[in-house]
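Below is one structure. I have some questions about it.
The values are calculated or read from the model by the stated rules, or taken from the named source; none is laboratory data. Treat the numbers as computed from the prediction; the structure is a model and nothing was measured. Here Cβ is always computed from backbone atoms with ideal geometry, including for glycine, and neighbour counts include all displayed protein chains.
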């Protein structure tokens, strides 16, 4: 499969229904039946279609290579990372975007090439910066004037000239949820272009011999479907490159457009594909560079959700079914599953929409107005507010929720002291554990019985 026939539905490429009906059917993922997966690894369970992951990485990489003679694909670790995922990325020869010491340590544990790592974040500690520099991380994306000083100081201390990007805010109002829009002016990330702070930061970097300013970076938000937003951001960043050349009589060699490419969460949506967004970006960047007399910089992007999101399906087991009489006299059935906001906070946090399907059998029963909820002591623990599920749904039935690879397990919590689910990889009828399920002892291991110490 190539970028031209990239899968844009909410399902991973090897997700199949058998005995399919209106509400789902017997689910198989990469030849592994949902019932067998739950029987072997428990529930809730994150199931990653490994071949689908490889397919998506290669499609984004192919689109970049087709459009630019020099390019780099980075995978955004924040969407989901583990040692095994980092090994896949190393095998696929792509870069890794990390934003904490924890994410960096995962990459190092996988023996990921540090020169292919970029380190982001708006508040990197001195410990994190020093850890990155000591391990020869390829690029640090600087986010504030304080950080310019920190990186410069620590690089000088370690005898390194550290390659950096400056994260810029291009003033693009991407059409997405307020909490995941990151390129308008009133936001914690980056240096504003319009206010002039971006060029102040450039000037500051150029004063430090221990800093090698290689390029600029932006990230306009997440879950974006409109190519126009990326188009406008690219134009404004190229103008910064031109202004830099005019002042310093040399060119910055790299331009990172970030990520944020939207995926489908329902059957009514379609993911943005690499073959639709990358050629459009290419046309703009090449045109603007030509117009402003610039060499074409090395172009990089950072998809995370777009790669991992559709690869993964969460399997839940139905626990209780409860009918509630509403004020208007109608009935809504509450379907409780054995997970909830601890393994998928996005519906509560962003009002994110998902789909769910019966996964262990077909059903020809009548539809019943339902609400899918978790097991937490929180009225906002709602996975899907309003949907139809079959009237004959019973405790013990399995439900499959597609497109949960991004920000599911990575944002998971232990609310109510519930252990976080396992993650398995499936491929050609085989399954293997890549992140084990937590247990109650794991949680208890954090508690300490320590005598008080005088600190005055």
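On the basis of being more than 23 Å from residue 191 (Cα to Cα) and either out of contact with any strand residue (DSSP E or B) (no Cβ under 8 Å at 6 or more places or on another chain) or surrounded by fewer than 18 Cβ atoms within 10 Å (Cβ to Cβ) (or both), does residue 59 make the cut?
Values: more than 23 Å from residue 191 (Cα to Cα): yes; either out of contact with any strand residue (DSSP E or B) (no Cβ under 8 Å at 6 or more places or on another chain) or surrounded by fewer than 18 Cβ atoms within 10 Å (Cβ to Cβ) (or both): yes.
Yes: the conditions hold for residue 59.
Using the structure shown, decide if residue 91 is surrounded by fewer than 18 Cβ atoms within 10 Å (Cβ to Cβ) and under 30 Å from residue 318 (Cα atoms).
No, not satisfied.
For residue 386, indicate whether it is more than 30 Å from residue 110 (Cβ to Cβ) and in a loop (DSSP other than H, G, I, E, B).
For residue 386, the condition - more than 30 Å from residue 110 (Cβ to Cβ) and in a loop (DSSP other than H, G, I, E, B) - is not met.
Taking only region 385-411 into account, find how many residues are within 19 Å of residue 326 (Cα to Cα) and either in the same structural domain as residue 75 (by TED's automatic domain parsing) or touching a helix residue (DSSP H, G or I) at 6+ places or on another chain (Cβ under 7 Å) (or both).
Summing the residues that are within 19 Å of residue 326 (Cα to Cα) and either in the same structural domain as residue 75 (by TED's automatic domain parsing) or touching a helix residue (DSSP H, G or I) at 6+ places or on another chain (Cβ under 7 Å) (or both) in region 385-411 gives 0.
Which one of these is surrounded by 12 or more Cβ atoms within 10 Å (Cβ to Cβ) and on the phi > 0 side of the Ramachandran plot: 352, 403?
403
Note down all Cβ pairs under 8 Å where the first residue falls in region 19-32 and is without any contact (Cβ under 8 Å) to a residue 40 or more places away in the chain, the second is outside any strand (DSSP E or B), and they're at least six residues apart or on different chains.
Close Cβ pairs (under 8 Å, with a partner that is outside any strand (DSSP E or B)) amount to 28/34.
Quick one: count up the residues across region 105-117 that are closer than 21 Å to residue 71 by Cβ and either in contact (Cβ under 8 Å) with a residue 60 or more places away in the chain or assigned to a loop (DSSP other than H, G, I, E, B) (or both).
2
Looking only at residues in region 190-202 that are touching a strand residue (DSSP E or B) at 6+ places or on another chain (Cβ under 6 Å) and part of a loop (DSSP other than H, G, I, E, B), which one is farthest from residue 170 (Cα to Cα)?
Selected residue: 190.
Further, regarding this structure: Which residue out of 245, 267, 286, 295 is surrounded by fewer than 22 Cβ atoms within 10 Å (Cβ to Cβ), touching a residue at least 12 places away in the same chain (Cβ under 8 Å) and outside any loop (DSSP other than H, G, I, E, B)?
Exactly one of 245, 267, 286, 295 is surrounded by fewer than 22 Cβ atoms within 10 Å (Cβ to Cβ), touching a residue at least 12 places away in the same chain (Cβ under 8 Å) and outside any loop (DSSP other than H, G, I, E, B), namely 245.
Residue-wise test of (1) outside any strand (DSSP E or B); (2) buried (at least 23 other Cβ atoms within 10 Å of the Cβ); (3) modelled with pLDDT of 95 or more.
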{"residue": "4", "(1), (2), (3)": "yes, no, no"}
{"residue": "18", "(1), (2), (3)": "no, no, no"}
{"residue": "26", "(1), (2), (3)": "no, no, yes"}
{"residue": "51", "(1), (2), (3)": "yes, no, yes"}
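What number of residues within region 80-104 satisfy the criterion of being touching a strand residue (DSSP E or B) at 6+ places or on another chain (Cβ under 6 Å), closer than 16 Å to residue 219 by Cβ and without any contact (Cβ under 8 Å) to a residue 60 or more places away in the chain?
Summing the residues that are touching a strand residue (DSSP E or B) at 6+ places or on another chain (Cβ under 6 Å), closer than 16 Å to residue 219 by Cβ and without any contact (Cβ under 8 Å) to a residue 60 or more places away in the chain in region 80-104 gives 2.
So for region 210-227 (the condition being at pLDDT 95 or above, in a helix (DSSP H, G or I), over 26 Å from the mean Cα position of the chain (by Cα) and over 26 Å from residue 272 (Cβ atoms)), does at least one residue qualify?
no
Here is a yes/no grid of residues against (1) farther than 30 Å from residue 7 by Cβ; (2) crowded, with 19+ Cβ neighbours inside 10 Å; (3) under 22 Å from the mean Cα position of the chain (by Cα):
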{"residue": "376", "(1), (2), (3)": "yes, no, no"}
{"residue": "389", "(1), (2), (3)": "no, yes, no"}
{"residue": "422", "(1), (2), (3)": "no, yes, yes"}
{"residue": "430", "(1), (2), (3)": "no, no, no"}
{"residue": "443", "(1), (2), (3)": "yes, no, no"}
{"residue": "447", "(1), (2), (3)": "yes, no, no"}
{"residue": "452", "(1), (2), (3)": "yes, no, no"}
